[in-house]
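Q: Below: one structure in structure tokens.
The values are calculated or read from the model by the stated rules, or taken from the named source; none is laboratory data. None of the values given here were measured: they were computed from a predicted structure. Cβ sites come from the backbone with ideal geometry, for glycine too, and all protein chains shown count toward neighbours.
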Amino acid sequence: MVNITGYKITDVLISASQINEKVSQLAREISKDYENTTPIFVTILKGGVIFLADLIRKLTIPHTIEFMAVESYQGIKSKGTIRLLYDIKNEIKGKDIIILEDILDTGLTLDYLYKHLLYREPKSIKICSLLIKDVEREIDVHVDYSGFFIPNHFVVGYGLDFNGYYRNLPHIAILKPEENE
Ligand code: IMP
């Protein structure tokens with residue numbers, strides 16, 4: 001394969017079938033918890049789209065989806081700031097919101113989104129994150145639906161990218177600089 005980034009994919013951390021099983025389990029749990037309501041799933045572009053696409057097709061409840069876009073990351077290190085690039089246009093007041101995030105790292109993004117959405121007076125907001133990185137977080141984020149707890153590596157695949165690449169991998173893999181090999 002052409003190496004486009006100067007980094008290489010090493011270990012497969014989570015296989016496609018493990019992801020599939022976990023997404024099914026999360027969808028079952030959420031469908032049960034929200035059986036009497038029609039929640040709005042809010043996903044952050046672009047990383048969360050594959051997770052969203054898979055999860056909603058396994059839900060058994062009526063729901064709608066919305067997208068938001070923020071900028072928080074450049075390359076392999078967080079910039080430590082969040083900039084809102086695209087917001088939800090529809091009314092969310094009085095609605096049940098579930099934020100679907102691909103990965104919780106520093107917590108900056110989810111903390112920002114939670115507070116931003118709360119300001120628009122929804123009935124409830126819950127957070128579902130497919131991956132949770134094992135790092136010491138200065139920001140305390142409560143995740144209601146958790147997928148996998150992973151060690152502190154930079155990972156790609158299943159929507160997660162490095163400089164825009166690798167989102168298409170069906171599994172989650174660790175990305176390392178080539179010179180380390
Ligand atoms: P946080 O604000 O530090 O929690 O980071 C959340 C965002 O950073 C995620 O939505 C991802 O876009 C990105 N991110 C954090 N860790 C990784 C990683 O290991 N691989 C790819 N993107 C990551």
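Q: I'd like to know if the stretch 108-126 contains one or more residues that are among the β-branched types (Val, Ile, Thr), within 9 Å of the ligand (Cβ to nearest atom) and part of a strand (DSSP E or B).
A: Checked against the condition, which is being among the β-branched types (Val, Ile, Thr), within 9 Å of the ligand (Cβ to nearest atom) and part of a strand (DSSP E or B), the stretch 108-126 yields no hits at all.
Q: Can you name the condition, by its number, that residue 35 falls short on among (1) more than 27 Å from residue 14 (Cβ to Cβ); (2) crowded, with 17+ Cβ neighbours inside 10 Å; (3) among the acidic types (Asp, Glu)?
A: (2)
Q: Scan the stretch 125-143 and give yes if some residue there is modelled with pLDDT under 95 and at positive phi, otherwise no.
A: No, every residue in the stretch 125-143 fails to be modelled with pLDDT under 95 and at positive phi.
Q: Determine, yes or no, whether residue 70 is part of a loop (DSSP other than H, G, I, E, B) and within 16 Å of the ligand (Cβ to nearest atom).
A: No, not satisfied.
Q: Follow-up question, since we're still on this one. Select, from 159, 80, the only residue that is of a type outside the set (S, T, N, Q), within 11 Å of the ligand (Cβ to nearest atom) and over 23 Å from residue 19 (Cα atoms).
A: 80
Q: Separate question: Can you go through 26, 100 and tell me which one is buried (at least 17 other Cβ atoms within 10 Å of the Cβ) and within 16 Å of the ligand (Cβ to nearest atom)?
A: 100
Q: Only residues that are in a loop (DSSP other than H, G, I, E, B) and within 16 Å of the chain's Cα centre (by Cα): list them for the stretch 154-181, please.
A: Once the filter is applied, which keeps residues that are in a loop (DSSP other than H, G, I, E, B) and within 16 Å of the chain's Cα centre (by Cα), the stretch 154-181 yields 154, 158, 159, 161, 164, 166, 167, 168, 169, 170, 171.
Conditions tested, residue by residue: (1) free of Cβ contacts under 8 Å to residues at least 60 places away in the same chain; (2) of a type in the set (D, E, K, R); (3) over 16 Å from residue 69 (Cα atoms).
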| position | (1), (2), (3) |
| --- | --- |
| 102 | yes, yes, no |
| 109 | no, no, no |
| 114 | yes, no, no |
| 120 | yes, yes, yes |
| 130 | no, no, yes |
| 137 | yes, yes, yes |
| 141 | yes, no, yes |
